[in-house]
Amino acid sequence: MAADGPDGDEMAVADFRPGEIVLEIPARTEFVSLVRVVVAAAAEIEPDMDHARIEDLRVAVSEATTNAIVAHDLHGVTDRVRIQCNLADDEVAVVVHDQGMGFEPDEVPLLPEPEAPERLLHESGLGVHLMRMLTDESEFSSSETGTDVRLVVYSSKRRRRNSDG
Amino acid sequence: MDVVRRGAGAAAPRSTVGGVQIVTHSHREGVWTVVSVAGELDVVGGPDLRQQVMAEVRAGNHRLVLDLHGVDFIDSFGLGVIVGALKRTRLLDGDLRLVVPEPRLRRVFEVCDLDRVFVLHPTVEAALGAGA
């Protein structure tokens with residue numbers, strides 16, 4: 001969106017939609033808990049959002065934000081990590097954007113079965129799984145210039161509607 | 001002897017922005033060392049717990065009960081630290097038992113099938129009384 005400035009110059013105006021919250025954080029792990037707090041508090045505003053779903057979203061957003069910060073750290077990116085949280089009537093959608101080198105979520109190796117002895121050799125690799133399992137929609141858009149992770153949880157009303165067909 | 005540590009035993013607590021560092025407290029119950037954890041087990045709190053577990057193992061305490069009743073949040077980083085703790089104790093013929101009374105924490109373990117790796121006990125007493 002653009003508007004005319006005092007001298008007729010075009011100036012950028014943030015195109016915020018109603019119900020949109022944008023956070024830009026330094027790429028430091030100390031800020032992950034702040035993102036969780038803000039996203040959960042924003043989701044609480046939605047009257048028809050189950051508390052359990054907000055908890056699920058808190059975990060999923062924590063995973064995405066941690067990955068984004070690690071991606072910046074790995075590739076020496078000093079820019080901030082951007083988190084957009086959109087509140088709608090029947091869903092909360094969060095997009096975590098980083099400017100790392102990207103990754104391919106389908107190429108994350110599968111972990112051994114839980115009962116297998118070699119399972120204990122894997123202390124990481126559950127983040128993408130958690131994001132997928134704890135949200136109603138998850139999308140990963142990755143390129144060499146960065147990654148967008150979009151995580152959506154539905155309101156209880158929408159979940160009921162979907163289950164009723 | 002009871003030992004209370006903030007972070008990984010640091011003298012000054014490390015703060016996070018809007019978050020809580022972990023606090024651990026350990027005491028002996030027979031052959032078991034019970035480590036009670038409070039705070040958030042994520043990319044910030046997880047490494048502190050890893051240090052605490054390694055300190056216990058180095059001290060010869062290879063049978064640990066991790067009591068997570070004071071933990072407000074766990075993600076994959078925290079889960080990884082706990083899987084690593086199990087590996088470290090078992091390598092020394094020890095064991096690790098978990099106390100996870102909070103349903104929202106249990107859900108994270110269950111979604112990752114880690115309830116097939118660990119028995120999630122509701123109380124410390126249940127963990128200590130469980131069969132081998």
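FYI, it's all coordinate maths here, none of it is from the lab. A quick note: this is a predicted structure, and the numbers were derived from the prediction, not measured. Positions of Cβ are generated from backbone atoms using ideal geometry, with glycine treated the same way; all protein chains shown enter the neighbour counts.
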Candidates A:127, A:19, A:76; GNM for chain A (alpha-carbon contacts under 10 Å) flags as most fluctuating A:76
So what is the relative contact order of chain A, in percent, for Cα pairs below 8 Å that sit 6 or more residues apart? 24 percent
Built amide H within the under 5 Å cut-off of residue A:81, gap 5+: A:25, A:27
Placing one identical point scatterer on every Cα of chain A and ignoring solvent, what is log10 I(q)/I(0) from the Debye formula at q = 0.11, 0.13, 0.16, 0.18 Å⁻¹? -0.53, -0.71, -0.98, -1.14
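Inside 10 Å of the C-beta atoms of B:75-86, what's the mean count of C-beta atoms belonging to other chains?
Counting Cβ atoms of other protein chains within 10 Å of each residue's Cβ and averaging gives 6.
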Would you tell me the mean number of C-beta atoms belonging to other protein chains that fall within 10 Å of each C-beta in A:126-133, as a whole number? 4
GNM flexibility winner over chain A from A:80, A:119, A:132 (Cα, springs under 10 Å): A:119
Order these peptides, B:92-104, B:29-41, by their mean beta-carbon neighbour count within 10 angstrom, highest first. B:29-41, B:92-104
What is the sum of charges around residue B:123, taking Lys and Arg as +1, Asp and Glu as -1, for the other residues whose C-beta is under 14 Å from the C-beta of residue B:123? -2
Would you mind giving the mean number of other chain beta-carbons within 10 Å of the Cβ of each residue in B:112-125, as a whole number? 2
Dipole moment magnitude, nearest 20 debye, the stretch B:33-132 about Cα centre, only Lys, Arg, Asp, Glu C-beta charged: 340 debye
Please compute P(r) over all alpha-carbon pairs of the protein assembly as shown, binned at 10 Å starting from zero, and give each bin as a whole-number percent. 6, 25, 31, 23, 10, 3, 1, 0
Dipole-positive endmost among A:65, A:31, A:127 within the stretch A:22-158 (Cβ charges, Cα centre): A:31
GNM result for chain A, Cα springs below 10 Å: residue of A:93, A:64, A:42 fluctuating most strongly: A:42
Highest mean first, what order results for B:55-65, B:74-84, A:154-164 on Cβ atoms within 10 Å? B:74-84, B:55-65, A:154-164
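Restricting attention to the stretch A:27-119, which GluC sites (Glu not before Pro) occupy a DSSP loop and are surrounded by at most 12 other Cβ atoms within 10 Å?
Numbers: sites: A:30, A:44, A:55, A:63, A:91, A:107, A:115, A:118; in loops: A:115.
Here the sparse-neighbourhood loop sites are A:115.
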Hull volume per residue for the stretch A:78-122, using the convex hull of the C-alpha atoms, in Å³ is 154 Å³
Which shape class, rounded, prolate or oblate, goes with the stretch B:22-132 when its Cα gyration tensor gives a ≥ b ≥ c as root eigenvalues, a/c under 1.5 marks rounded, and past that a/b bigger than b/c marks prolate? rounded
